[in-house]
1. In contact with a Pro (Cβ under 8 Å, 6 or more places away or on another chain) and loosely packed, with under 14 Cβ neighbours inside 10 Å, is that true of K5?
2. State yes or no: is G31 loosely packed, with under 14 Cβ neighbours inside 10 Å and within 15 Å of the chain's Cα centre (by Cα)?
3. When residues of the stretch 34-48 are filtered for being aliphatic (A, V, I, L, M) and over 16 Å from the mean Cα position of the chain (by Cα), how many remain?
4. Any idea which of (1) modelled with pLDDT under 90; (2) under 18 Å from L100 (Cβ atoms); (3) touching a strand residue (DSSP E or B) at 6+ places or on another chain (Cβ under 7 Å) is the one E4 doesn't satisfy?
Amino acid sequence: MAFEKAVQVPGDSKTYRFNPELKRYALGDTGFVQNNAGAYVMQWALEPSKGLASAIKLKVVVNKELSGVKIKTINPSGNDTVNIFKLNQPEMIELYRFYLQELVQREILFEEGA
């Protein structure tokens, strides 16, 4: 999956657009960690009672050039995407929206769509 300027998670009616004026320090301030490839990664558990290692997660990755983003909901091992909108778990969707809204408020992402 390539880094995009606008991303829509499968099942979500909203699209999130990357802020092209983003500064590196804003990512560090929100808890993103730089990986070995230079990209900035943030993962949140969508099932907090299970802990990060065994929960479905929201993963947001910003490339090292600060020009694109990937947003995925992934299984506990991180090797497959999960459509949380088909799981019939409103608490998970609420938490997903909360985390992305936090990135919108910090102007890392802009929200588009329904």
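The values are calculated or read from the model by the stated rules, or taken from the named source; none is laboratory data. Model, not experiment: these values are computed from the prediction. Cβ sites come from the backbone with ideal geometry, for glycine too, and all protein chains shown count toward neighbours.
1. So K5 passes the test.
2. The answer is yes for G31.
3. Result for the stretch 34-48: 1.
4. (1) is the only condition that E4 fails.
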